[in-house]
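Below: one structure, written as structure tokens.
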Amino acid sequence: MLTKITKRTVDAVRPSSADQFLWDRDLKGFGLKVTPTGNKVYLLQYRTGQGKRRCYNACQHVIGGVVRQLRTARGDHVRVLSH
């Protein structure tokens, strides 16, 4: 699902019976994975120079630190893609 990943979006998403993936519509490859147990992990998906798809777990969501974690994960995304 493409959406803008914000604090409100992260707080609103609820676990289901299978992993859910939300992808940011503005920052290509930046996403959020929500597991059935309720864990939330920020993801960075990119392709290597050889065209292989890779997924990097940027950080795990911790209650209360959403804004800082979003900034950190987005910053990691920019650094990974710029190399």
Quiz prompt | Sole residue being at positive phi, exposed (fewer than 12 other Cβ atoms within 10 Å of the Cβ) and at pLDDT below 85, chosen from GLY51, GLY64 | solution = GLY64
Quiz item: When both residues are 6+ apart or on different chains and their Cβ atoms are under 7 Å apart, which pairs have a first residue that lies in the stretch 47-63 and is basic (Lys, Arg), and a second that is modelled with pLDDT of 75 or more and surrounded by 10 or more Cβ atoms within 10 Å (Cβ to Cβ)?
Solution: ARG53/GLN45; ARG53/ARG47; ARG54/TYR46
Self-check item: Matching option when the condition is at pLDDT below 65 and touching a strand residue (DSSP E or B) at 6+ places or on another chain (Cβ under 7 Å), among ASP19, ASP76, ASP24
Solution: ASP76
Practice problem: Report the residue count in the stretch 2-48 for those that are in contact with a Phe, Trp or Tyr (Cβ under 7 Å, 6 or more places away or on another chain) and loosely packed, with under 12 Cβ neighbours inside 10 Å. | Solution: 1
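The values are calculated or read from the model by the stated rules, or taken from the named source; none is laboratory data. If you're wondering where the values come from, they're calculated on a predicted model, not measured in any experiment. Cβ: placed from backbone, ideal geometry, glycine included. Neighbour counts: every protein chain shown.
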